[in-house]
Amino acid sequence: MSYSTFNKNQINPLHEPMFFGNSVNVARYDQQKHSIFEKLIEKQISFFWRPEEVDVSRDRVDFQALTESEKHIFISNLKYQTLLDSVQGRSPNIALLPIVSIPELETWIETWSFFETIHSRSYTHILRNLFTDPSEVFEDIVINEEIQKRANDISQYYDDLIFYTQLWQTHGEGVWEVDGEEHTVNMRELKKKLFLCINSVNALEAIRFYVSFACTFAFAERDLMEGNSKIIRLIARDENLHLVSTQQILNLWQYGKDDPEMKEIAEELREEALAIFMKAVEQEKQWAHYLFRNGSMIGLNEEMLCQYVEYIANMRMEAIGFDAPFKQRSNPLPWMNKYLVSDNVQVAPQEAEITSYLVGQIDSEVSAADLGDFEL
Amino acid sequence: MSQLYKVKVNGQHELTVDASQGTTLLEVMEQAGLEPHYHCRNGFCGACRVQLVSGEVDYVNDPLAFIRPGDCLACCCTAKTDLEINQ
Ligand code: FES
Ligand SMILES: [Fe+2]
Ligand SMILES: [Fe+2]
């Protein structure tokens with residue numbers, strides 16, 4: 001089934017499943033099968049921000065005064081975040097747009113990915129301020145073994161789905177040999193890959209990111225690296241929406257509110273999905289170990305961070321119907337919450353360029369006098 | 001006019017809430033010194049999810065997080081009847 005950028009068949013998107021139905025033709029939102037995605041789009045757009053609006057210049061002085069072990073924590077963290085957003089800035093588009101079947105979800109995916117590119121640009125903004133030449137930091141992301149281990153798990157489910165979708169869209173269902181390897185392509189397999197991929201994305205955005213957030217905000221608790229912390233707050237707010245969107249998809253499937261076959265698959269692959277989350281938690285704990293290998297920082301150590309991962313994982317896993325697997329029920333880092341409250345997320349006016357005041361506030365009343373001697 | 005409801009948390013804390021004040025369940029729990037979970041406090045992250053054992057709630061804004069049957073989002077709902085919740 002090859003992809004068409006404008007499906008000429010008459011289709012009723014209200015009867016299409018979220019994925020693997022007919023490809024979308026008219027981008028219309030007057031009627032919606034799952035209006036939640038339109039609401040997510042609106043919310044996300046209302047969060048629009050630009051990295052350049054946040055003044056990070058003071059961070060340079062702070063950074064120079066950090067101990068070597070703190071520098072290691074700070075920079076490793078940023079490298080990992082850069083990796084995560086590099087993946088997220090492209091993968092939802094490449095993996096999901098070719099198979100999406102309802103316009104509101106298609107547009108949500110594009111909106112979501114676009115915001116990931118803002119996140120990516122903000123890391124450059126932060127690093128350019130800290131280093132005259134940040135190349136070394138960026139280059140290490142593809143060499144650093146600790147980061148590589150994670151990169152592999154994060155991209156694997158996307159890559160698998162993308163590859164099988166490509167086979168299906170160019171050759172159709174069947175058994176195809178590519179580079180000496182046989183691949184069985186049928187709708188059931190494709191949907192299974194999609195299911196695992198969405199679980200893995202949810203684990204990425206709902207759990208993995210929080211380890212990095214905790215480190216950033218631990219610096220902020222000591223009034224250090226505040227520009228960076230402002231940016232990460234904006235990122236965390238966006239990520240809340242992203243993780244909720246994949247929770248929505250998973251729950252819609254589970255509750256039989258979309259493709260009935262996806263409901264079956266959700267039951268069939270429950271253990272595999274669980275394993276994805278458990279592995280993510282394990283890897284994040286190892287990452288915490290790596291971060292603190294040269295020493296802790298005031299207010300945060302490996303143990304607390306691992307407890308926080310368990311706390312967050314319980315919360316996220318319950319949200320999609322798993323039992324909480326860990327005993328950590330109380331929040332070991334209560335100060336985290338104040339950085340995650342959406343109302344507290346503001347770019348300080350004195351640090352913002354004047355244009356930031358204008359976003360969303362364009363004066364819509366134009367009188368004849370405003371136009372003056374304007375002529376066509 | 002005040003509208004008083006009882007909110008029982010985790011089967012042990014009996015709280016009273018005046019629904020006419022628009023106090024959310026999250027605030028009710030906080031005022032009672034409990035430590036409810038939350039992040040966004042705005043209905044879009046799902047962190048404040050609690051189990052709604054009995055009773056009904058009203059949502060003050062349209063939450064974006066998925067509300068699984070038997071759950072409610074404490075940050076954006078108020079009591080509509082006496083409640084029993086677990087977290
Ligand atoms: S705290 Fe985010 S949904 Fe309630
Ligand atoms: Fe991101
Ligand atoms: Fe994201």
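Things worth noting here:
Conditions (1) surrounded by 15 or more Cβ atoms within 10 Å (Cβ to Cβ); (2) over 23 Å from the mean Cα position of the chain (by Cα), marked per residue:
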site	(1), (2)
A:Ala275	no, no
A:Glu282	no, no
A:His289	no, yes
A:Tyr311	yes, no
A:Arg316	yes, no
A:Phe326	yes, yes
A:Pro332	yes, yes
A:Lys338	no, no
A:Ser342	yes, no
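- Residues (in contact (Cβ under 8 Å) with a residue 24 or more places away in the chain and within 13 Å of A:Asp160 (Cβ to Cβ)) located in the stretch A:170-190: A:Glu189, A:Leu190
- Residues satisfying the stated conditions in the stretch B:8-36, i.e. on the phi < 0 side of the Ramachandran plot, in contact (Cβ under 8 Å) with a residue 12 or more places away in the chain, in a loop (DSSP other than H, G, I, E, B) and open to solvent by 30 Å² or more (accessible area, probe 1.4 Å): B:Ala32, B:Leu34
- In the stretch A:219-231, the count of residues that are within 16 Å of ligand 3 (Cβ to nearest atom), in a helix (DSSP H, G or I) and either open to solvent by 10 Å² or more (accessible area, probe 1.4 Å) or at pLDDT 95 or above (or both) is one or more.
- The single condition from (1) away from ligand 1 (no atom under 16 Å from the Cβ); (2) without any contact (Cβ under 8 Å) to a residue 60 or more places away in the chain that A:Leu194 fails is (2).
- Considered as a group, the residues in the stretch A:109-118 that are open to solvent by 10 Å² or more (accessible area, probe 1.4 Å) and free of Cβ contacts under 8 Å to residues at least 24 places away in the same chain include one that is nearest to ligand 2 (Cβ to nearest atom), and that residue is A:Phe114.
- In the stretch A:52-82, the residues that are within 16 Å of ligand 2 (Cβ to nearest atom) and open to solvent by 20 Å² or more (accessible area, probe 1.4 Å): A:Lys79
- A single entry from A:Thr107, A:Thr111 fulfils the requirement of being under 15 Å from A:Ile249 (Cα atoms) and among the β-branched types (Val, Ile, Thr): A:Thr107.
- For the residues A:Ile11, A:Ile45, the requirement of being in contact with a Ser or Thr (Cβ under 8 Å, 6 or more places away or on another chain) and among the hydrophobic types (A, V, I, L, M, F, W, C) singles out A:Ile45.
- Here the stretch B:37-79 is the region considered, the condition is being more than 10 Å from chain A (Cβ to nearest Cβ) and part of a loop (DSSP other than H, G, I, E, B), and the residue that is surrounded by the fewest Cβ atoms within 10 Å (Cβ to Cβ) is B:Gly70.
- Looking only at residues in the stretch A:235-265 that are more than 13 Å from every other protein chain (Cβ to nearest Cβ) and open to solvent by less than 10 Å² (accessible area, probe 1.4 Å), the one that is farthest from ligand 3 (Cβ to nearest atom) is A:Ile265.
- Pairs, first within 12 Å of another protein chain (Cβ to nearest Cβ) in the stretch A:324-340, second surrounded by 14 or more Cβ atoms within 10 Å (Cβ to Cβ) and in a loop (DSSP other than H, G, I, E, B), C-beta under 6 Å, six or more apart: A:Leu340/B:His39
- A:Phe6 being crowded, with 16+ Cβ neighbours inside 10 Å and in contact with a Ser or Thr (Cβ under 9 Å, 6 or more places away or on another chain): no
- Subset of the stretch A:91-108 (residues that are assigned to a helix (DSSP H, G or I) and crowded, with 19+ Cβ neighbours inside 10 Å): A:Ser91, A:Pro92, A:Ala95, A:Leu96, A:Ile99, A:Pro103, A:Glu104, A:Leu105, A:Glu106, A:Trp108
- Cβ-Cβ distances below 8 Å connect the following pairs, each with a first residue in the stretch A:137-158 that is within 22 Å of A:Ala203 (Cα to Cα) and in a helix (DSSP H, G or I), a second residue that is open to solvent by 20 Å² or more (accessible area, probe 1.4 Å) and charged (D, E, K, R), and a separation of six or more residues or different chains: A:Ile141/A:Lys79; A:Ile147/A:Lys79; A:Ile147/A:Asp140; A:Asp153/A:Lys279; A:Tyr157/A:Lys193.
The values are calculated or read from the model by the stated rules, or taken from the named source; none is laboratory data. Treat the numbers as computed from the prediction; the structure is a model and nothing was measured. Cβ: placed from backbone, ideal geometry, glycine included. Neighbour counts: every protein chain shown. SASA here: full protein model, heavy atoms, side chains in, ligands and nucleic acids out. Shrake-Rupley method; radii C 1.70, N 1.55, O 1.52, S 1.80 Å.
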